[in-house]
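*Asks:* Have a look at the structure that comes next, please.
The values are calculated or read from the model by the stated rules, or taken from the named source; none is laboratory data. In this text the structure is predicted, and so the values were computed from the model without any measurement. Cβ placement follows ideal geometry from the backbone for every residue including glycine, while neighbour counts extend to all protein chains displayed.
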Amino acid sequence: MLDTPTYLLIVVVGGLITLVVGQILMRSGIGFLRDVFDDDEAAVSANRLLGVLFHLVALGFLALISTYRPFDVEGRVQIVVTQLGGVLLLLGVLHGLALLLLARIRSKRRNESLESAMTSQYEQQRRARQSRQQVIEGGPSSGN
């Protein structure tokens with residue numbers, strides 16, 4: 001069984017790591033989100049919401065792991081390192097999942113944009129062909 005100072009050390013160090021990683025993700029992620037979303041305000045809002053989600057999940061996991069001993073290790077330092085290792089693994093997994101989700105969103109939006117541009121271009125070409133065909137056939141602009 002762990003004593004209170006060990007629990008507090010795990011929570012404080014893990015909390016600091018979580019806050020630092022979360023801030024790095026939020027600062028670095030805004031450029032990516034601006035590419036995903038057309039609207040700058042939507043990108044900033046999504047960045048904040050993802051930051052809150054990241055912090056809540058990571059800090060919640062930290063609170064749980066501070067009392068959980070997945071491996072039977074002896075000594076305060078070994079316990080702290082083992083439990084913080086679990087926190088770091090979780091932060092890495094959360095970061096990877098967030099990147100995968102954002103990459104899928106960006107890919108979907110790019111595909112939609114490309115599809116829209118191609119449809120617009122097709123419609124313009126179709127109208128141009130129809131206009132030329134009407135002129136050739138002596139359509140409404142021929143004055144017959």
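*Asks:* Just to verify a result, which residue in region 68-100, among those that are surrounded by 12 or more Cβ atoms within 10 Å (Cβ to Cβ) and not in a helix (DSSP H, G or I), is modelled with the lowest pLDDT?
*Replies:* This residue is 69.
*Asks:* Sticking with this one: Considering every residue within region 114-122, establish whether at least one is of a type in the set (Phe, Trp, Tyr) and modelled with pLDDT under 85.
*Replies:* no
*Asks:* Please give the number of the condition residue 6 fails out of (1) hydroxyl-bearing (Ser, Thr, Tyr); (2) surrounded by fewer than 14 Cβ atoms within 10 Å (Cβ to Cβ); (3) within 17 Å of residue 82 (Cβ to Cβ).
*Replies:* (2)
*Asks:* Has region 13-28 got any residue that is more than 19 Å from residue 92 (Cβ to Cβ), assigned to a helix (DSSP H, G or I) and not acidic (Asp, Glu)?
*Replies:* no
*Asks:* May I ask you to list pairs of residues, at least six apart or on different chains, whose Cβ atoms are under 8 Å apart, with the first in region 72-87 being of a type in the set (Gly, Ala, Ser) and the second being outside any helix (DSSP H, G or I) and loosely packed, with under 11 Cβ neighbours inside 10 Å?
*Replies:* 86/70
*Asks:* Residue by residue through region 123-144, note down the ones that are among the charged types (D, E, K, R) and modelled with pLDDT under 85.
*Replies:* 132, 137
*Asks:* May I pose another question? Mind listing just one residue for me: the one in region 20-36 that is surrounded by fewer than 17 Cβ atoms within 10 Å (Cβ to Cβ) and among the small types (Gly, Ala, Ser) and, of those, farthest from residue 59 (Cα to Cα)?
*Replies:* Residue satisfying both the conditions and the ranking: 31.
*Asks:* Could you tell me whether any residue of region 102-119 is in a helix (DSSP H, G or I), within 30 Å of residue 56 (Cβ to Cβ), touching a residue at least 12 places away in the same chain (Cβ under 8 Å) and hydroxyl-bearing (Ser, Thr, Tyr)?
*Replies:* No: zero hits.
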